[in-house]
Amino acid sequence: MKITIVGAGLFGIVLAHELSRMDFDILLIDKRDHIGGNCYDYLDDNTGILIHKYGPHILHINDEKIYRYITKFCKFNNYKHQVRALYNDKIYEFPINLSTINNFYNVNLHPYEVLDFLSSEARKDSVPNPQNMEEKVISLIGRPLYEAFFKEYTTKQWGKNPAQLPASIINRIPIKCNYDTNYYKKSFNGMPSEGYTKLFEKMLQSKKISIQLNTDFFHDRDYFLKYDLLVYTGPIDAFFGYEHGKLEYRSLRFEEELHYVDDWQGNSVINYPELKYSYTRICEPKHFYPERWNSCSKNKTLIFKEISFSNSSGDPYYPILDKNNMEIYRKYKNDSLLYDNIYFGGRLGEYKYYDMEDTIKSALKLSTKILMKYTGR
Ligand code: FAD
Ligand code: UDP
């Protein structure tokens with residue numbers, strides 16, 4: 001059986017790997033000139049630093065099965081993601097923890113006092129039934145912390161006021177009552193020792209997988225549709241010629257700077273929540289791999305300022321999951337169900353704010369579905 005997978009991102013790669021272990025011949029295409037989708041990384045010749053071309057990607061996983069699945073392809077280091085935020089010219093720990101609260105309010109709370117303290121702050125703006133991101137954050141931590149760390153960052157990131165965005169976005173960010181600085185709630189975080197691209201090359205080693213880069217599905221759509229099966233991981237609205245309207249995404253632009261010092265900011269990521277900075281965060285990728293530090297050039301480091309904008313002129317990165325877009329997506333989803341040999345997957349194909357763990361899970365689910373349907377196994 002012959003299958004085309006459109007998109008050599010994480011979703012397409014996991015799917016190709018799984019199906020190649022059965023009786024499938026796979027053609028994996030991507031319009032970019034590399035595999036890996038937004039997780040793609042490369043070694044910078046000038047500095048020897050491993051760079052994430054489309055922004056920092058830290059693997060964070062809760063599900064033991066997904067952890068075992070991905071770590072069988074390569075070793076991971078034990079990098080723990082810890083972010084700082086610059087607010088009012090002062091550095092704070094982020095996500096909000098006991099240190100952030102104590103420094104912000106100039107108090108000296110104990111962990112067991114934090115929830116009462118935040119509740120009393122939240123009660124000043126009674127929002128009993130939060131309906132959007134702004135209300136949700138205020139109901140959790142009160143207005144002063146919301147306005148300092150979330151309001152303007154979110155406006156820059158999404159191009160919308162947080163009051164127009166779903167409350168669920170904030171579920172990604174933990175609030176900690178102790179001094180824990182781990183950015184995630186997940187049990188595992190780390191980076192693939194040799195980078196994501198090398199990891200993906202291992203997953204695509206099978207002779208049953210042919211890879212065609214610089215190949216846009218829409219330039220030869222009829223040809224690819226002749227295959228027995230098609231899995232499409234690009235934007236779902238583009239597949240249907242935008243017949244129900246355009247889905248909104250956010251795109252990103254990265255401003256790269258080379259600095260002639262060993263360490264420019266002392267941490268992998270520093271967030272800049274205030275609107276006076278055009279960027280949302282600055283990433284210094286050297287910090288993701290402390291163990292590689294000696295193999296990088298001395299007195300050189302690269303930093304990337306991340307600027308968010310509407311995707312009309314850039315690649316689609318983040319689906320904007322507000323009511324209007326979800327309504328449009330529902331129509332495309334219904335259309336997609338009319339095909340029995342075309343499947344849609346991944347962050348763009350399913351219009352979901354998937355992290356890598358979710359993407360791997362969804363690709364494994366689809367591979368099981370396809371294998372059951374076509375091989376009975
Ligand atoms: P993509 O990586 O977008 O791959 C889709 C591929 O399809 C692309 O390569 C694209 O070129 C190709 N394509 C699209 N249209 C066509 C076409 N017409 N023809 C041919 N090819 C086409 N997750 C984490 O777990 N941790 C993180 O720290 C993290 N950080 C992130 C930071 C940023 C800036 C972004 C944008 C995402 C981040 N994510 C993170 C999420 C992670 O990137 C996704 O979960 C994952 O990359 C989704 O994989 P995908 O294959 O669905 O999509
Ligand atoms: N966020 C914020 N301030 C910050 C960091 C995050 O307001 O300093 C909000 C913002 O809306 C962002 C969301 O929290 O989109 C989720 O943050 P996360 O770091 O998970 O975003 P991503 O990894 O997708 O860029």
Worksheet item: Among the residues of the range 205-217, is there at least one that is within 30 Å of Arg330 (Cβ to Cβ) and surrounded by fewer than 14 Cβ atoms within 10 Å (Cβ to Cβ)?
Response: yes
Discussion item. Quick check on my filter: what residues within the range 226-241 are more than 13 Å from ligand 1 (Cβ to nearest atom) and free of Cβ contacts under 8 Å to residues at least 12 places away in the same chain?
Written reply: Lys226
Item to complete: Go through the range 202-217 and give me each residue that's part of a helix (DSSP H, G or I) and within 14 Å of ligand 1 (Cβ to nearest atom).
Response: Met203, Phe217
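Say we look at the range 72-98 and pick out the residues that are among the polar types (S, T, N, Q) and surrounded by 16 or more Cβ atoms within 10 Å (Cβ to Cβ); which of these is nearest to the chain's Cα centre (by Cα)?
At the first step, the residues of the range 72-98 found to be among the polar types (S, T, N, Q) are 77-78, 82, 88, 97.
From the residues that got through so far, the ones that are surrounded by 16 or more Cβ atoms within 10 Å (Cβ to Cβ) too are 82, 97.
On the way: Gln82: 16, Asn97: 23 Å.
Here the answer is Gln82.
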Discussion item. Please go through the range 142-155 and give me each residue that is more than 9 Å from ligand 2 (Cβ to nearest atom) and either in contact (Cβ under 8 Å) with a residue 24 or more places away in the chain or closer than 22 Å to Asn324 by Cβ (or both), ordered by number.
Written reply: Gly142, Pro144, Leu145, Ala148
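Being in a loop (DSSP other than H, G, I, E, B), touching a strand residue (DSSP E or B) at 6+ places or on another chain (Cβ under 8 Å) and not polar (S, T, N, Q), is that true of even one residue in the range 322-337? Write out each step before concluding.
First, the residues of the range 322-337 that are in a loop (DSSP other than H, G, I, E, B): 322, 337.
Narrowing the set further to residues that are touching a strand residue (DSSP E or B) at 6+ places or on another chain (Cβ under 8 Å) leaves none.
Looking for residues that are in a loop (DSSP other than H, G, I, E, B), touching a strand residue (DSSP E or B) at 6+ places or on another chain (Cβ under 8 Å) and not polar (S, T, N, Q), one finds none in the range 322-337, hence no.
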Worksheet entry | strands (runs of 3 or more DSSP E) wholly inside the range 218-299 containing at least 2 residues that are closer than 19 Å to Leu348 by Cα and within 16 Å of ligand 2 (Cβ to nearest atom) | 249-259
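Each row is one residue, and each column tells you yes or no for (1) surrounded by fewer than 24 Cβ atoms within 10 Å (Cβ to Cβ); (2) closer than 15 Å to Gly349 by Cα; (3) in contact with a Ser or Thr (Cβ under 7 Å, 6 or more places away or on another chain).
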{"position": "Gly7", "(1), (2), (3)": "no, yes, yes"}
{"position": "Phe11", "(1), (2), (3)": "no, yes, yes"}
{"position": "Ala16", "(1), (2), (3)": "no, no, no"}
{"position": "Leu19", "(1), (2), (3)": "no, no, yes"}
{"position": "Tyr42", "(1), (2), (3)": "yes, no, yes"}
Item to complete: Sort out which residues of the range 330-349 are surrounded by 21 or more Cβ atoms within 10 Å (Cβ to Cβ) and either away from ligand 2 (no atom under 16 Å from the Cβ) or not basic (Lys, Arg) (or both), and write them in order of number.
Response: Tyr332, Phe344, Gly345, Gly346, Leu348, Gly349
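Coordinate-derived values only; no laboratory data. Because the structure is predicted, anything quoted here is derived from the model rather than measured. We place every Cβ from the backbone using ideal geometry, glycine too, and count neighbours over all the protein chains shown.
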